[in-house]
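The structure appears right after this line, and notes come after that.
The values are calculated or read from the model by the stated rules, or taken from the named source; none is laboratory data. All values reported here derive from a predicted model rather than from experimental measurement. As a convention, Cβ positions derive from the backbone with ideal geometry for all residues, glycine included, and neighbour counts pool all protein chains shown.
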C-alpha cells in the first residue's frame, strides 16, 4: 500500500466517506451563501465559516468523537474572534 493509500484509509476512519462529507459540507455552505448576511462578512469570516462547515461535514460523515474536528472548529472561530474589533453597534443595540 502506498503512503497516499494508507493515509486515505486512516483518514476514512476519522473523516468518514469523502462523498458523504462533501455532500454535507456543500449543503451547509450553500445555505450560508443564501443568507442575507453572507455579503456582510469579511473574507476571513467567510472562510472561517466555510472551514467550520467542512469540519461539521467530517463530524457527521466520520468519527464524531475525533477531538481534532472539534478543536479545528474552535480554532477557526478563535481566528475570527481575535480579529473582531469589539461589538458592532447593531449587535450592541439588540441586547436584552
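Of the candidates 44, 5, the single residue that is in a helix (DSSP H, G or I) and modelled with pLDDT of 95 or more is 44.
All of 24, 80 fail the test of being within 16 Å of the chain's Cα centre (by Cα), modelled with pLDDT of 95 or more, closer than 25 Å to residue 13 by Cα and surrounded by 17 or more Cβ atoms within 10 Å (Cβ to Cβ), apart from 24. Checking each residue in the stretch 36-48 for being buried (at least 16 other Cβ atoms within 10 Å of the Cβ) and either on the phi > 0 side of the Ramachandran plot or in contact (Cβ under 8 Å) with a residue 24 or more places away in the chain (or both) picks out 45, 48.
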